[in-house]
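*Asks:* Take a look at the following structure, please.
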Amino acid sequence: FTAIPDRAHALEHHLQKMSQNIIDKFGISDGENGIAPLEQVNIPRQEAVCCVGRICNEAHTGKMNTTSVVLEGSSASCGGARINVDLSEMKANKHGFSLFPGQIVAIEGMNPTGRKLMAHRICEGAAHEKNTSTVGELRRLHHEQQDGSPVKVFTASGPFTTADTMDYQPFMDFVHVVMEQSPDVVILTGPFVDMRQEAIKSGKTVIELEDEDGNAMEQVAPYETFFASKISSIIEEVLESDENLTTQFVLVPSLDDATAKWVYPQPPLQDRSSQPLALSVPGSLDLGTMGIGRINERCKEPRVHCLSNPCTFKINEVVFGVTSTDVLFHVSSEETNASLEPGSRLRRLAQHMLQQRSYYPLFPPPAGSQANLDLKRMENWQMPCNPDVLVVPSKLTCFATSILDNTVFVNPGHLTRGTTGGTYGIMDIHPMKRETLDESGGDDVRIPHGVPDRINVEIKRI
């Protein structure tokens, strides 16, 4: 998707920017703050130094291991030089580390020859600062707009139908839960029309229609029309069933979606045609449209919001970050680690995203991962800030946990797993207590959101 010069420029720009973030956050310079002096990766020194660069795999094929780790410096400062990283001392001293290709790190150690860096300790990135809001804004949102009630957010990830059928029954079951509990926001991540389904592969996207006499008939339809029939029509039915329902829907595409562009970052779901055409079949749906525009036209204000993959958005003051790409699985398949606390694997994988300030910190992506990266738009998958809630569906074990003390990471799983039902997530974000806000000072004082202390997350089976 990107020419070689553009790829090189994007990678170099990201390396320089992230390196500077690490240097600024930890005060790496001339040996102060208890950190060795900053030096380029290919300059030999007889004393301890600190080098900042990108982790790469010395082997051209296969998974990186502790003996194939190399550190790549910036092209501007050292011509993109690479040196081997010796991790034996860290392993011997039980100093934990977790490394993967594409990770920007600072490594402190000895580099007497300029060809091998013997690592003593590693800084695995630099996360953004905590999000803050003024006391006055939080008081208005929590105790005037919300009236002291929690914000309820549902999240579910496709596939939305089982592998052996195209009836979308699990999605309809999920929608019934939505109608019963009336959440404020429902976050749906693709795939909505899964390209891995046999019916989709063979082009047999069949929808049921009625002819002029009211008899049932089947019609093979384009992917957009199939989406409109199976997803949009159900959402529309939900919104029309109860006039008092205020639920907002957020739709995020997937790289496995037949109705989306197959490149990362992905643009939002959109109609293929601005002027939908009707099939010359009685009772048929329109061609070229996914039906989302029709839903919003019938509402007083838009209720279905199509966002990009990845995306960052706010629900009141709470910053949400969402990507439908299975970053956790990709990183776990490529990382190498040692001497880590038992049971910390999933939390560590999630933490990498924050420390690298990226929704997809891995480069290159694993072979066969479907992660078609457009490096020219690399900035679009960087995190503009630290999400208060980070939603990343993955085939790994479902979990919800607090990471770095200020972000709640949620892996709701997938709504279906093969031929059986899967899981979805429910989040209740409670308001700050009036006493807490009153004790924080005046209305102009900025305080952290503190979402981990006031959120309840449940992962439920469908």
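*Asks:* Which value, in Å² rounded to 10, gives the accessible area of Met217 with a 1.4 Å probe and all protein chains present?
*Replies:* Here the accessible area works out near 50 Å².
*Asks:* So, one more: Whenever you get a sec, line up Val220, Val70 from highest to lowest accessible area (probe 1.4 Å, protein heavy atoms).
*Replies:* Val220, Val70
*Asks:* Can I ask one more? Based on alpha-carbon centroids, what's the gap between segment 435-462 and segment 45-85 in Å, whole number please?
*Replies:* With segment 435-462 and segment 45-85 each reduced to a Cα centre, they are spaced 41 Å.
*Asks:* Roughly what would the spin-label model give for His9 and Lys204, points 7 Å off Cα along C-beta, in nm?
*Replies:* The two pseudo-label positions are separated by 4.8 nm.
*Asks:* Please report, in whole Å³, the volume per residue of the convex hull around the C-alpha atoms of segment 63-195.
*Replies:* For segment 63-195, the hull spanned by Cα atoms encloses 258 Å³ per residue.
*Asks:* Would you kindly calculate the translational diffusion coefficient of segment 97-140, applying Stokes-Einstein with the Kirkwood radius from alpha carbon pairs, for 37 °C and a viscosity of 0.692 mPa s, and quote it in µm² s⁻¹ without decimals?
*Replies:* 235
*Asks:* OK, next. In whole angstrom, how far apart do the alpha carbon centroids of segment 195-267 and segment 103-132 sit?
*Replies:* So the two Cα centres are separated by 47 Å.
*Asks:* Which shape class applies to segment 315-401: rounded if a/c is under 1.5, otherwise prolate when a/b exceeds b/c and oblate if not, where a ≥ b ≥ c are the square roots of the Cα gyration tensor eigenvalues?
*Replies:* Because a/c hits 1.5 or more and a/b fails to exceed b/c, segment 315-401 counts as oblate.
*Asks:* Starting from the Cα of Lys314, draw a straight line to each of the aspartates and glutamates and keep only those under 19 Å, dropping any in the same chain fewer than 8 residues away.
*Replies:* Within reach: Glu129, Glu137, Glu144, Asp147, Asp184, Glu301, Asp388, Asp428, Asp453.
*Asks:* Once Lys and Arg get +1 and Asp and Glu get -1 on their Cβ, which of Pro302, Ile35, Pro150 lies farthest toward the positive end of the dipole of the chain?
*Replies:* Farthest towards the positive end: Ile35.
*Asks:* Here is a further query. Using a 1.4 angstrom probe on the protein heavy atoms only, line up Met118, Met90 by accessible area, largest first.
*Replies:* Correct descending sequence by accessible area is Met118, Met90.
*Asks:* Using only alpha carbon pairs under 8 Å that are at least six residues apart, calculate the relative contact order of the chain and give it in whole percent.
*Replies:* Rounded, it is 18 percent for the chain.
*Asks:* Of Lys230/Lys395; Lys17/Lys376; Lys152/Lys433; Lys130/Lys376, which sit over 27 Å apart, Cα to Cα?
*Replies:* Over 27 Å apart, Cα to Cα: Lys130/Lys376.
*Asks:* Further, regarding this structure: Among the aspartates and glutamates, which fall within straight-line cross-link reach of Lys91, defined as a Cα-Cα distance under 13 Å, with same-chain neighbours fewer than 8 residues apart omitted?
*Replies:* Counting by Cα, and skipping residues close in sequence, Lys91 has no aspartates and glutamates nearby.
*Asks:* Further, regarding this structure: Note down the accessible area of Val175, probe 1.4 Å, to the nearest 10 Å².
*Replies:* Using a 1.4 Å probe on the heavy atoms, I get roughly 10 Å².
*Asks:* To continue, here is another question. What number comes out for the charge environment of Asn131, summing +1 per Lys or Arg and -1 per Asp or Glu over other residues with Cβ under 13 Å away?
*Replies:* Computed value for this residue: -2.
*Asks:* Also, quick follow-up: Of the GluC sites (Glu not before Pro) in segment 166-230, which ones lie in a loop per DSSP and count no more than 11 other C-beta atoms within 10 Å?
*Replies:* Glu212
*Asks:* For segment 45-100, build the convex hull from the C-alpha positions and give me its volume per residue in Å³.
*Replies:* 101
*Asks:* By DSSP, what percent of the beta bridges with both residues in segment 328-462 are antiparallel, rounded to the nearest 5?
*Replies:* 85
*Asks:* Antiparallel versus total DSSP beta bridges in the chain: what percent is that, nearest 5?
*Replies:* That works out to approximately 70 percent antiparallel.
*Asks:* Select from segment 404-450 those trypsin sites (Lys or Arg not before Pro) which occupy a DSSP coil region and have at most 15 other Cβ atoms within 10 Å, ordered by residue number.
*Replies:* Here the trypsin sites (Lys or Arg not before Pro) that fit, given the DSSP loop and packing criteria, are Lys433.
*Asks:* Using helices alone, what [θ] at 222 nm do you get for the chain, with -39,500 (n - 2.57) per DSSP H run of 4 or more residues, divided over all residues and rounded to the nearest 500?
*Replies:* -6000 deg cm²/dmol
*Asks:* Still on this structure, please answer the following. Suppose a student asked you for the relative contact order of segment 316-461, using Cα pairs under 8 Å spaced at least 6 residues apart; what percent would you report?
*Replies:* The normalised contact order for segment 316-461 reaches 24 percent.
*Asks:* Report relative contact order for segment 16-119 in percent, whole number only (criteria: Cα-Cα under 8 Å, sequence separation at least 6).
*Replies:* This gives 31 percent for segment 16-119.
*Asks:* How much accessible surface does Ile122 have with a 1.4 Å probe, in Å² rounded to 10?
*Replies:* Per-residue accessible area (Ile122): approximately 40 Å².
*Asks:* By how many nm would the segment from Glu218 to Lys91 lengthen if fully extended, with 0.36 nm per residue of separation less the alpha-carbon distance?
*Replies:* Taking 0.36 nm per residue and subtracting the Cα distance, the gain is 39.4 nm.
*Asks:* Still on this structure, I have one more. At a 1.4 Å probe radius, which order do Arg377, Arg7 fall into by accessible area, largest first?
*Replies:* From most exposed to least exposed: Arg377, Arg7.
*Asks:* Grab the Cα-Cα distance for Asp438 and Phe329, subtract it from 0.36 nm times how many residues apart they are, and report the gain in nm with one decimal.
*Replies:* Answer, rounded to one decimal: 34.9 nm.
*Asks:* Please work out the ratio of the alpha-carbon Rg of segment 1-84 to 2.2 N^0.38 Å and round it to two decimals.
*Replies:* The reported ratio for this selection is 1.20.
The values are calculated or read from the model by the stated rules, or taken from the named source; none is laboratory data. All values reported here derive from a predicted model rather than from experimental measurement. Please note: Cβ atoms are built from the backbone with ideal geometry, for glycine as well, and neighbour counts cover all protein chains shown. Calculation scope for accessible area: heavy atoms of the full protein, side chains included, ligands and nucleic acids excluded. Shrake-Rupley method; radii C 1.70, N 1.55, O 1.52, S 1.80 Å.
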